[in-house]
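Below is one structure, written out as structure tokens, with a few remarks after it.
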Amino acid sequence: MRSPGVRGDGRSAGGHSLMRSSAASTWLRAGLVLLAVGLAGTASAVAGNGRHAKPCASIPVDPAYSGAVGNALRERRDVWGDALLRSPTGPTYDGVRRLLHPLLLVGRPAGLKPTRLTDSGVYYLPFGQPKGTGGADAVQLHVADGSQIVSGIVNGPRLTVSVGAGGSERYGFCLSRLGAPRLGGGYLPILETSYVDADGVRYRQESFAARIPQTRALVSFVRLSVDPRGTRVHTAYLRFTPSVGHLRRVGRQLRQGKRGRLVFSRGGRFDGQSVVFPAHGPKVVYVAWLDRPARTGRVRLGRKSYERAKASVAAYWARRLAAGAELVVPEQRVYDAERNLLIQNLLLSWRYSLGNSYERFSWELMDVAETMGAYRFRGIERTILAASLGAPSYFPNRAAGERMSGSADYFRRFGDRGFVERVTPLFRHEVASFGSQLTASRVGLLRRERYGADIVRPIYGLHAQVLALQGLRAIAGVWMATHHPRLAYEATRVAERLEAGLRAAVTAGRTTLPDGSLFVPISLVDRAERPYDSLSASKRGSYWNLVMPYVLASGFFRPGGPEATGLLAYMLNHGSRFLGLLRFSPHTGVTNPGYQTPGSDDVYGTNVARFLADMDQPDQLVLSLYGKLGAGMTENTFVAGEGSTIAPVAGQYYRSMHRPPNSANNAFFLEALRLMLVHETTDASGAPRGLDLAFATPRAWLQPGKRIEVRGMQTSFGRLSYSLAAGTDAVRVVLDIPERLAGPLRLRLRLPPGVRVGGASADGGRIESFVDHETLDLSGLRGHVELVVYNHTPPPG
């Protein structure tokens with residue numbers, strides 16, 4: 001896990017145009033008030049306002065909102081999530097989004113330099129076009145308020161956009177007059193914003209990054225339109241100011257020496273510092289900012305060249321997405337989020353983040369590798385695995401286990417024997433090390449390791465031991481399949497010894513609570529960890545909440561068994577979740593954005609989603625998906641940091657994130673969506689056994705006229721595709737079963753409330769095998785199958 005324990009703070013911010021407005025409503029029995037109050041005042045901007053801009057008044061504090069959020073956080077149950085689960089529609093995006101203010105801010109980064117992650121304090125979107133599976137070799141960071149484009153890294157060269165009667169008001173300075181940022185086409189890496197300056201002049205901006213034949217640099221294109229009509233302003237000015245000096249104008253370019261830096265359209269003048277466009281009426285201007293000084297041929301920048309570059313961005317990402325799998329769902333926002341998060345993770349590849357000091361490998365990426373592999377991005381999965389092979393870790397045993405499990409996942413999906421042969425010498429050495437540690441141990445466990453990055457005292461960590469056990473089991477299966485029986489035997493023998501020690505230690509440390517739930521400590525043997533009444537009330541409890549999901553998702557506690565059921569009850573009853581997100585409070589005294597107040601750390605939600613799927617908890621899984629979409633990422637642009645605030649911060653309307661974007665947080669949403677539609681079941685050893693299809697879809701997705709498609713998901717049994725087309729009297733199913741599937745195959749149809757499955761047929765023959773009233777057992781079917789599942793609406797009463 002990453003360390004949030006580094007200092008930084010954020011300046012106040014607020015907004016109006018970006019806010020939601022809805023009538024206040026009361027949900028009885030949940031004991032909470034849901035407020036999204038329409039606010040007529042303007043907001044204070046984040047630091048870095050433009051010169052001479054008229055002040056932007058602060059938004060009034062909303063005690064009712066703060067009180068409602070605080071009350072919900074003080075509860076041990078996820079009271080807001082429970083209320084959504086009880087509502088007639090169940091969890092929905094709209095149900096989540098009206099509860100919390102949006103994410104927008106990043107403030108200062110953790111670190112020694114007293115600089116902001118962005119000058120305005122608003123998050124950025126990284127744009128680029130990687131050439132292969134290694135992710136971005138160059139990025140442009142487009143700040144979401146439209147104020148700047150920063151090249152490469154947050155303190156890199158930048159282009160600042162200013163507007164207004166004197167061209168001195170930074171675009172987006174007053175958040176109350178900024179339209180909500182959104183993506184082109186709903187999901188493409190094209191940023192769209194609108195803004196009204198202090199004098200009422202209206203602007204619209206669009207920007208993206210593309211490769212063009214005239215230069216090897218990555219080029220950010222900006223289209224900015226202005227309409228001063230209806231205001232007292234005779235001339236509005238559009239100003240583009242590079243942070244670099246020694247520029248000279250050559251035609252419609254600014255150059256550093258002989259190398260291009262900025263290209264602009266007709267009508268701009270260079271005053272020695274900025275390119276300025278005067279606008280006496282409606283006007284559209286274009287600029288192109290190079291990520292570095294580069295030799296640049298002649299570029300006639302205007303509408304046609306801009307649209308040509310924009311079309312190339314759409315075409316590039318269409319090709320990249322077409323190489324993977326796709327889940328087509330009948331909810332546009334979910335579908336847009338899926339595609340954009342895949343684009344983000346193709347850009348990030350083996351990096352935890354981009355544009356900041358988290359732009360490096362992190363062990364949380366092992367979950368990203370498996371998720372991207374399932375979406376059939378084989379090269380991304382292998383690239384992440386390759387990065388892990390030489391990566392250092394505070395947790396060498398845990399890291400070894402994760403490398404083995406990740407490599408086994410990759411082999412099962414893609415059958416890459418060459419990769420197995422490459423990693424076998426390393427894994428053989430690590431298996432031997434595990435065996436030596438167990439031989440020397442007096443408690444039957446591997447050596448102590450840190451609890452986490454921020455808790456340095458070594459412990460016999462249940463999570464580290466279980467991940468090593470999971471890796472041993474997984475790699476033994478791979479070695480058996482690749483004709484290394486002796487190595488498979490050694491790994492299995494060491495796994496059996498470790499499991500025996502683990503079972504004994506868990507039995508000795510477990511506690512059954514009065515509410516019937518089960519607590520198992522992360523710190524084994526030393527009896528230093530007792531049950532937490534509320535997990536996020538202490539630092540140790542918060543970190544238990546982050547690392548226990550690794551244990552639960554491993555299958556060490558058999559899904560559906562009494563231990564797993566008791567642990568799930570403990571999490572639900574003792575503050576593990578909030579709107580389906582993973583709660584976290586660092587308790588380190590830091591003020592980093594995303595960790596200033598109690599919040600969530602959904603990097604670790606991926607394994608919670610896996611556990612919920614294993615436990616067949618469809619409604620909780622749906623809540624996690626909508627919680628992530630509605631509260632755990634930015635609205636319309638789908639950006640998430642490592643952690644984000646939930647409790648309000650004094651003086652701030654918007655919530656904040658820590659070092660976005662974050663590939664592991666992206667994987668949480670992608671994995672939850674996949675598990676709702678495609679879930680691999682396992683046997684007692686953790687090996688893949690069968691497939692559960694559509695086990696956790698929102699019921700609204702199978703209303704008449706709706707359609708769900710799974711296109712080419714990569715399972716351990718081969719490629720899977722199917723579609724569900726809902727009609728008024730039946731759901732028609734087309735299924736292409738993976739060729740290597742020999743185990744159980746089940747299909748669930750979660751029909752709208754009041755509608756039940758009445759019967760099913762395949763190729764004219766009736767299907768009699770039902771697991772329950774909405775789940776069909778299709779085990780034994782092969783190849784291409786077409787089914788009709790008939791609806792039945794019981795009479796009232």
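The values are calculated or read from the model by the stated rules, or taken from the named source; none is laboratory data. Values in this document were obtained by computation on a predicted structure and should not be read as measured data. Neighbour counts are summed over all protein chains in view; Cβ atoms, including those assigned to glycine, are modelled from backbone coordinates with ideal geometry. Just the protein is used for accessible areas: all its heavy atoms, side chains included, with ligands, DNA and RNA removed. Shrake-Rupley method; radii C 1.70, N 1.55, O 1.52, S 1.80 Å.
Considering each residue of the stretch 357-388, count those that are within 19 Å of L125 (Cα to Cα) and either open to solvent by 10 Å² or more (accessible area, probe 1.4 Å) or in contact with a helix residue (DSSP H, G or I) (Cβ under 9 Å, 6 or more places away or on another chain) (or both), and give that number. Break it down into steps so the answer makes sense when it comes.
As a first pass, look at the stretch 357-388 and keep what is within 19 Å of L125 (Cα to Cα): 357-360.
Those still in the list that are either open to solvent by 10 Å² or more (accessible area, probe 1.4 Å) or in contact with a helix residue (DSSP H, G or I) (Cβ under 9 Å, 6 or more places away or on another chain) (or both) too: 357, 359-360.
Residues meeting the conditions: 3.
For the stretch 396-424, what are the residues that are under 30 Å from V456 (Cβ atoms), open to solvent by 10 Å² or more (accessible area, probe 1.4 Å) and either more than 24 Å from the chain's Cα centre (by Cα) or at pLDDT below 95 (or both)?
Within the stretch 396-424, P396, N397 meet the criteria.
Restricting attention to the stretch 136-149, does a residue exist that is open to solvent by 30 Å² or more (accessible area, probe 1.4 Å) and assigned to a loop (DSSP other than H, G, I, E, B)?
First, pick out the residues of the stretch 136-149 that are open to solvent by 30 Å² or more (accessible area, probe 1.4 Å): 137.
Okay, now just the ones that are also assigned to a loop (DSSP other than H, G, I, E, B), so 137.
Scanning the stretch 136-149, I find at least one residue that is open to solvent by 30 Å² or more (accessible area, probe 1.4 Å) and assigned to a loop (DSSP other than H, G, I, E, B), so the answer is yes.
Need pairs with beta-carbon distance below 8 Å; first residue within 15 Å of S523 (Cα to Cα) and within the stretch 436-450, second in a loop (DSSP other than H, G, I, E, B); sequence gap 6+ or separate chains.
V443/V525; L445/V525; R447/S441; E449/Y394; E449/F395; R450/Y394; R450/F395
What number goes with the only condition from (1) more than 29 Å from Y352 (Cβ to Cβ); (2) of a type in the set (D, E); (3) open to solvent by 20 Å² or more (accessible area, probe 1.4 Å) that D692 does not pass?
Here D692 clears every test but (3).
What are the residue pairs meeting all of these: first residue in the stretch 483-506, first residue over 19 Å from A440 (Cα atoms), second residue surrounded by fewer than 19 Cβ atoms within 10 Å (Cβ to Cβ) and not aromatic (F, W, Y), Cβ atoms under 8 Å, and 6 or more apart or on different chains?
H484/T424; L487/T424; L487/R428; A488/M480
Just to be sure before I move on: is A488 of a type outside the set (D, E, K, R), closer than 18 Å to A408 by Cα, assigned to a helix (DSSP H, G or I) and within 35 Å of the chain's Cα centre (by Cα) in the structure I sent? So that I can check it myself, show each step before the final result.
Details: of a type outside the set (D, E, K, R): yes; closer than 18 Å to A408 by Cα: yes; assigned to a helix (DSSP H, G or I): yes; within 35 Å of the chain's Cα centre (by Cα): no.
Spelling it out, it is not the case that A488 is of a type outside the set (D, E, K, R), closer than 18 Å to A408 by Cα, assigned to a helix (DSSP H, G or I) and within 35 Å of the chain's Cα centre (by Cα).
I'm checking my understanding of the structure. Among residues of the stretch 754-764 that are surrounded by fewer than 18 Cβ atoms within 10 Å (Cβ to Cβ) and in contact with a strand residue (DSSP E or B) (Cβ under 9 Å, 6 or more places away or on another chain), which one is modelled with the lowest pLDDT?
At the first step, the residues of the stretch 754-764 found to be surrounded by fewer than 18 Cβ atoms within 10 Å (Cβ to Cβ) are 754, 756, 758-759, 761-764.
If we keep only those that are in contact with a strand residue (DSSP E or B) (Cβ under 9 Å, 6 or more places away or on another chain) as well, we get 756, 758-759, 761-763.
On the way: R756: 92, G758: 91, G759: 92, S761: 93, A762: 90, D763: 80.
The extreme case among them is D763.
Inside the stretch 587-634, can you point out the residues that are in contact (Cβ under 8 Å) with a residue 12 or more places away in the chain and small (G, A, S)?
Pass one, the stretch 587-634, residues in contact (Cβ under 8 Å) with a residue 12 or more places away in the chain: 587-588, 590-634.
Within the stretch 587-634, G594, G599, S600, G605, A609, A613, S624, G627, G630, A631, G632 meet the criteria.
Could you please let me know if R300 is under 15 Å from E206 (Cβ atoms) and open to solvent by 20 Å² or more (accessible area, probe 1.4 Å)? Don't jump to the end; show me each part of the working.
Details: under 15 Å from E206 (Cβ atoms): no; open to solvent by 20 Å² or more (accessible area, probe 1.4 Å): yes.
So R300 fails the test.
On the basis of being more than 30 Å from G128 (Cβ to Cβ) and touching a helix residue (DSSP H, G or I) at 6+ places or on another chain (Cβ under 7 Å), does P618 make the cut?
On the way: more than 30 Å from G128 (Cβ to Cβ): yes; touching a helix residue (DSSP H, G or I) at 6+ places or on another chain (Cβ under 7 Å): no.
It is false that P618 is more than 30 Å from G128 (Cβ to Cβ) and touching a helix residue (DSSP H, G or I) at 6+ places or on another chain (Cβ under 7 Å).
Looking at the stretch 439-481, which of its residues are in contact with a helix residue (DSSP H, G or I) (Cβ under 6 Å, 6 or more places away or on another chain) and either open to solvent by 40 Å² or more (accessible area, probe 1.4 Å) or of a type in the set (G, A, S) (or both)?
Matches in the stretch 439-481: G444, R447, G452, A464, A468, Q470, G471, R473, A474, A476, M480.
Where in the stretch 714-753 are the strands (runs of 3 or more DSSP E), entirely inside, with at least 2 residues that are surrounded by fewer than 21 Cβ atoms within 10 Å (Cβ to Cβ)?
718-726, 730-736
Rundown of residues vs (1) touching a His at 6+ places or on another chain (Cβ under 7 Å); (2) within 28 Å of R689 (Cβ to Cβ), yes/no style:
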site	(1), (2)
V506	no, yes
R510	no, yes
S534	yes, no
N545	no, no
F557	no, yes
A564	no, yes
L582	no, yes
H587	no, no
P593	yes, no
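Report yes if G81 is outside any loop (DSSP other than H, G, I, E, B), over 24 Å from Q140 (Cα atoms), open to solvent by less than 10 Å² (accessible area, probe 1.4 Å) and at pLDDT 95 or above, otherwise no. Walk me through how you get there before you give the answer.
Details: outside any loop (DSSP other than H, G, I, E, B): yes; over 24 Å from Q140 (Cα atoms): yes; open to solvent by less than 10 Å² (accessible area, probe 1.4 Å): yes; at pLDDT 95 or above: yes.
Considered against the rule, which asks whether it is outside any loop (DSSP other than H, G, I, E, B), over 24 Å from Q140 (Cα atoms), open to solvent by less than 10 Å² (accessible area, probe 1.4 Å) and at pLDDT 95 or above, G81 comes out as yes.
Return the residues of the stretch 623-646 that are in contact with a helix residue (DSSP H, G or I) (Cβ under 7 Å, 6 or more places away or on another chain) and outside any loop (DSSP other than H, G, I, E, B); say none if nothing qualifies.
Result: L623, S624, L625, Y626, G627, K628, L629, G630, A631.
Of (1) under 20 Å from S554 (Cβ atoms); (2) open to solvent by 10 Å² or more (accessible area, probe 1.4 Å), A391 satisfies all except one. Which?
Unmet condition: (1).
How do the pairs read when you match residues in the stretch 717-740 that are small (G, A, S) with residues anywhere that are part of a loop (DSSP other than H, G, I, E, B) and open to solvent by 50 Å² or more (accessible area, probe 1.4 Å), using Cβ under 6 Å and keeping only pairs 6 or more apart or on different chains?
Within 6 Å, the pairs are G718/E739; G718/R740; A726/P704; A726/K706; G727/P704.
Which residue is surrounded by the most Cβ atoms within 10 Å (Cβ to Cβ), if the candidates are limited to the stretch 344-356 and must be within 17 Å of V150 (Cα to Cα) and not hydrophobic (A, V, I, L, M, F, W, C)?
G355
Out of curiosity, is G107 modelled with pLDDT under 95, farther than 30 Å from P698 by Cβ, open to solvent by less than 10 Å² (accessible area, probe 1.4 Å) and out of contact with any helix residue (DSSP H, G or I) (no Cβ under 9 Å at 6 or more places or on another chain)? Can you show your working first?
Details: modelled with pLDDT under 95: yes; farther than 30 Å from P698 by Cβ: yes; open to solvent by less than 10 Å² (accessible area, probe 1.4 Å): yes; out of contact with any helix residue (DSSP H, G or I) (no Cβ under 9 Å at 6 or more places or on another chain): yes.
When the stated conditions are applied, G107 passes them.
Can you tell me which residue in the stretch 516-528 is farthest from A464 (Cα to Cα), limited to those that are part of a loop (DSSP other than H, G, I, E, B) and modelled with pLDDT of 95 or more? Spell out how you get there, then give the answer.
Of the stretch 516-528, the ones part of a loop (DSSP other than H, G, I, E, B) are 516-517, 520-522, 525-528.
Still in the list and also modelled with pLDDT of 95 or more: 516-517, 520-522, 525.
Details: G516: 27, S517: 23, V520: 14, P521: 13, I522: 9, V525: 14 Å.
Selected residue: G516.
May I ask you to verify whether V244 is more than 30 Å from E331 (Cα to Cα), surrounded by fewer than 22 Cβ atoms within 10 Å (Cβ to Cβ) and in contact (Cβ under 8 Å) with a residue 60 or more places away in the chain? Before the answer, list the steps.
Details: more than 30 Å from E331 (Cα to Cα): yes; surrounded by fewer than 22 Cβ atoms within 10 Å (Cβ to Cβ): yes; in contact (Cβ under 8 Å) with a residue 60 or more places away in the chain: yes.
Judged against the criteria, V244 is a match.
I need every pair where a residue in the stretch 179-198 that is over 25 Å from A165 (Cβ atoms) has its Cβ under 6 Å from the Cβ of a residue that is aromatic (F, W, Y), sequence separation at least 6 or different chains.
Cβ pairs passing all conditions: P189/F127; I190/F208.
Exactly one condition in (1) small (G, A, S); (2) modelled with pLDDT of 95 or more; (3) closer than 21 Å to D145 by Cβ is not met by A217; state its number.
Here A217 meets the rest and fails (3).
Grab the helices (runs of 4 or more DSSP H) fully contained in the stretch 535-617, keeping just those with 3 or more residues being surrounded by fewer than 23 Cβ atoms within 10 Å (Cβ to Cβ). Quick ask: steps written out before the conclusion?
Numbers: elements: 539-554, 562-573, 605-614.
Helices (runs of 4 or more DSSP H) meeting the threshold: 539-554, 562-573.
Might you let me know whether the stretch 124-147 holds any residue that is of a type in the set (F, W, Y), farther than 30 Å from G754 by Cβ and touching a residue at least 12 places away in the same chain (Cβ under 8 Å)? Write out each step before concluding.
Here is the first cut: in the stretch 124-147, the ones of a type in the set (F, W, Y) are 124, 127.
Among the residues that remain, those that are also farther than 30 Å from G754 by Cβ are: 124, 127.
Remaining after also requiring touching a residue at least 12 places away in the same chain (Cβ under 8 Å): 124, 127.
Scanning the stretch 124-147, I find at least one residue that is of a type in the set (F, W, Y), farther than 30 Å from G754 by Cβ and touching a residue at least 12 places away in the same chain (Cβ under 8 Å), so the answer is yes.
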